[in-house]
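The values are calculated or read from the model by the stated rules, or taken from the named source; none is laboratory data. Because the structure is a prediction, the values reported are computed rather than measured. With ideal geometry, Cβ positions are generated from the backbone for all residues, glycine too; neighbour counts draw on all protein chains shown. Side chains are part of the model used for accessible areas, which takes the heavy atoms of the whole protein and leaves out ligands, DNA and RNA. Shrake-Rupley method; radii C 1.70, N 1.55, O 1.52, S 1.80 Å.
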Amino acid sequence: MGKRLVSLVVNGRLREEAVGDATLLLDFLREQLGLTGTKRGCDGGECGACTVLVDDAPRLACLTLVARCEGARVETIESQSAGGRMSALQAAFHEKLGTQCGFCTPGMIMAAEALLRGDPAPDEVAIREALGGNLCRCTGYVKIIEAVQAAAGVGTPGDAPRRADATQATR
Ligand code: FES
Ligand code: FES
């Protein structure tokens, strides 16, 4: 298998790494960079556990070649917290009990992050659609939907709107 030098920005940090032509983004993140927050579920594009952002769009890391990410901006769940503080989405998943075993949570949050960047106040249909490729075997999805609504400030009364500073903290 051939190798090449790939240059990309991962969680705000420029990386120049030698990777195999067939190296998957999921393996690169987890094994080469040690960013194990991104989960390997089905390893075949079926579960969404490996969802990361590539240039702001949700992408399945288990189906993405690193070699195709030359010059791209990649964000993983590790980018969500800044200075030990959870992002608005992370806090909402915690407070609304959108996390149980937690295995699907990184992918859910990154898919939701992509949604909220494009649509800061999504309705329930939009949230369900955005998370449609992310499977959870624990929650039944209601708590996850409520968590995204809470982070966006479109849930039940008392939910704080997603603050600009919290949004910035994710980038
Ligand atoms: S591990 Fe990538 S979609 Fe399941
Ligand atoms: S919280 Fe367990 S798979 Fe979603």
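Between beta-carbons, use under 10 Å as the cut-off and find the net charge around ARG4, counting Lys and Arg +1, Asp and Glu -1.
Local charge sum for ARG4: -2.
Over the alpha-carbon set of the stretch 3-79, work out the extent along each principal axis and list the three values in angstrom, largest first.
Answer, in whole Å and largest first: 30, 24, 21 Å.
Give me, ordered by chain and number, the residues 5 or more places off ARG15 or on other chains with an amide H under 5 Å from its own placed amide H.
Placed amide hydrogens put LEU8, VAL9, VAL10 under 5 Å from ARG15.
When N is the residue count of the chain, what does its C-alpha Rg come to as a fraction of 2.2 N^0.38 Å?
1.02
Using the Cα centre of the stretch 3-79 as the reference point, and only Cβ charges (+1 on K/R, -1 on D/E), how large is the resulting charge dipole? Debye, rounded to the nearest 20.
Using only the charged Cβ atoms, the result is roughly 80 debye.
Counting heavy atoms of the protein chains only and a 1.4 Å probe, report the per residue accessible area for the stretch 1-123 as a whole number of Å².
Ligands and nucleic acids excluded, the figure is 46 Å² per residue.
At 27 angstrom or more along the helix axis (alpha-carbon based) and mean Kyte-Doolittle of -0.5 or higher, what helices does the chain contain? Whole DSSP H runs only.
What comes out of the filter, once short or polar helices are dropped, is none.
Nearest 500 deg cm²/dmol is fine: what mean residue ellipticity at 222 nm does the chain get from its DSSP H runs of n ≥ 4 alone, each adding -39,500 (n - 2.57), divided by its residue count?
My calculation for the chain gives -7500 deg cm²/dmol from helical runs alone.
How far is it, in nm, from the label point at GLU95 to the one at VAL142 when both lie 7 Å from their Cα along the line to the Cβ?
About 2.0 nm separates the two model spin labels.
Count the DSSP beta bridges whose two residues both fall in the chain, then state the antiparallel fraction as a percent rounded to the nearest 5.
Taking every DSSP beta bridge with both residues in the chain, the antiparallel ones total about 90 percent.
Could you work out the relative contact order of the chain? I mean the mean sequence separation of Cα pairs under 8 Å and 6+ apart, divided by the number of residues, in percent.
Relative contact order for the chain comes out at 22 percent.
To the nearest 20 Debye, how big is the dipole of the chain about its Cα centre, given +1 on the beta carbon of each Lys and Arg and -1 on that of each Asp and Glu?
Using Cβ point charges on Lys, Arg, Asp and Glu, the chain gives about 280 debye.
Picking from ARG40, ARG13, ARG73, which is most flexible by a Gaussian network model of the chain using Cα springs under 10 Å?
Greatest mean-square fluctuation among the candidates belongs to ARG13.
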